[in-house]
Amino acid sequence: MRTLEELLAYAAEGGRLTEEEGLLLLEKADLLALGQAAGAVRHRLNPSPYVTFVADRNINYTNVCVCACKFCAFHRDKDAGDAYILAYDEVLAKVEELVKAGGTQVLIQGGLHPGIELEYIAGMFRAIKERFAVEIHSLSPPEIVHLANRSGLSVAEVLVRLKDAGLDSLPGGGAEILVNRVRRIISPRKITWQQWIEVMRTAHRLGLKSTATMMFGSVETPAERIRHMIRIRDLQDETGGFTAFIPWSYQPQHTRLGGTKAGAAAYLRVLAVARLLLDNIPHIQVSWVTQGPRVAQVALFFGADDFGSTMMEENVVRAAGASYRMARDEIIRVIKDAGFTPAQRTTQYRIIRTF
């Protein structure tokens with residue numbers, strides 16, 4: 001049995017950690033030693049001085065959702081006074097603003113509306129692609145399953161139709177914790193962890209890349225956090241389709257679930273262990289929207305190499321109490337102040353420009 005110090009050195013040099021070893025590091029390792037080892041892995045996998053970011057906008061086409069997850073403060077019933085579905089003209093106006101500001105990516109997600117059909121989404125994607133040269137990084141696995149159920153098509157058939165309409169890649173939303181015990185508590189009406197994995201497996205096989213996320217700090221145990229990472233790693237071994245992993249902390253304000261927000265130390269610990277454990281995923285992304293710019297800056301020394309997105313618009317996490325906002329120039333300044341070179345990228349991590 002390796003000591004903690006030996007485990008950290010082993011992982012830093014490229015050794016693959018077991019699930020049990022990952023849990024041991026998460027629970028017992030010194031925080032600064034974790035950061036140092038994770039930083040070594042980051043520099044081995046991404047030796048350039050760049051810290052990347054993408055200029056994008058999150059567009060929520062509806063806030064109506066039949067899931068009504070206990071951790072979500074954004075969803076509304078279909079009969080609520082502030083329930084909405086965006087018209088195409090509204091979506092296109094938002095994309096036009098993004099493009100004029102130099103953005104390249106739209107992240108389109110919404111609630112699981114009981115009346116929205118596949119053609120509404122496909123038509124939206126076609127309308128965007130006809131007018132703008134942007135990447136459509138959109139629709140979480142729960143949305144894909146919902147559209148499949150609504151249309152009577154398979155997940156693969158839905159993904160093919162959406163890809164033909166302009167879908168470029170999938171975000172990793174809806175993962176929360178990939179353990180059904182947790183999901184039954186916080187999101188009992190949402191898809192199982194097996195369904196989430198199967199959507200991503202199918203997307204990867206169809207040539208659609210994706211990200212993977214983890215919302216931690218609600219009701220899960222440390223062991224369940226590690227199990228989540230292992231399930232992501234196992235699928236990556238199989239498909240190679242994940243471009244990045246994004247852990248973010250649960251925001252308890254205004255939610256039915258309640259609880260407390262994970263602090264900076266807990267966040268940095270999870271992020272560093274993710275960098276050590278996920279040896280086959282190229283990028284780890286900070287979550288400045290939940291932890292703020294200063295903690296995100298520190299995270300660049302705990303294994304992260306990507307600053308996420310400019311988030312010209314973000315509604316879901318803000319509804320749960322997150323209040324951080326960062327313009328592109330501030331992101332650039334924060335990265336520079338940490339000693340790195342800011343680099344704007346595409347969804348697929350092609351560098352567009354450096355600063």
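Some observations on this one:
- Hey, F132 of a type in the set (F, W, Y) and modelled with pLDDT under 90 or not: no
- Given (1) in contact (Cβ under 8 Å) with a residue 12 or more places away in the chain; (2) over 18 Å from T347 (Cα atoms); (3) part of a helix (DSSP H, G or I); (4) not hydroxyl-bearing (S, T, Y), number of the condition L112 does not satisfy: (3)
- Some residue of the range 188-204 being surrounded by fewer than 22 Cβ atoms within 10 Å (Cβ to Cβ) and modelled with pLDDT under 95: yes
- The residues in the range 61-80 that are outside any loop (DSSP other than H, G, I, E, B) and surrounded by fewer than 19 Cβ atoms within 10 Å (Cβ to Cβ) can be counted, and the count is 1.
- For the range 316-346, a residue qualifies if it is β-branched (V, I, T) and either out of contact with any Cys (no Cβ under 9 Å at 6 or more places or on another chain) or modelled with pLDDT of 95 or more (or both), and the qualifying residues are V317, I331, I332, V334, I335, T341, T346.
- Only one of R225, R233 that is modelled with pLDDT of 95 or more, over 25 Å from T347 (Cβ atoms) and buried (at least 20 other Cβ atoms within 10 Å of the Cβ): R225
- Within the range 200-222, residues that are closer than 30 Å to K261 by Cα reach partners that are aromatic (F, W, Y) and assigned to a loop (DSSP other than H, G, I, E, B) with beta carbons closer than 7 Å, at six or more positions or on different chains, in the pairs M215/Y250; F216/Y250; G217/Y250; S218/F71; S218/Y250.
- Residues that are assigned to a loop (DSSP other than H, G, I, E, B) and surrounded by 20 or more Cβ atoms within 10 Å (Cβ to Cβ), drawn from the range 1-32: L17, A29
- Hits in the range 81-96 - residues which are surrounded by fewer than 16 Cβ atoms within 10 Å (Cβ to Cβ) and either charged (D, E, K, R) or assigned to a helix (DSSP H, G or I) (or both): D82, Y88, D89, E90, A93, E96
The values are calculated or read from the model by the stated rules, or taken from the named source; none is laboratory data. Keep in mind that this is a model prediction, so the values were computed, not measured. Cβ atoms come from the backbone with ideal geometry, glycine included; neighbour counts cover every protein chain shown.
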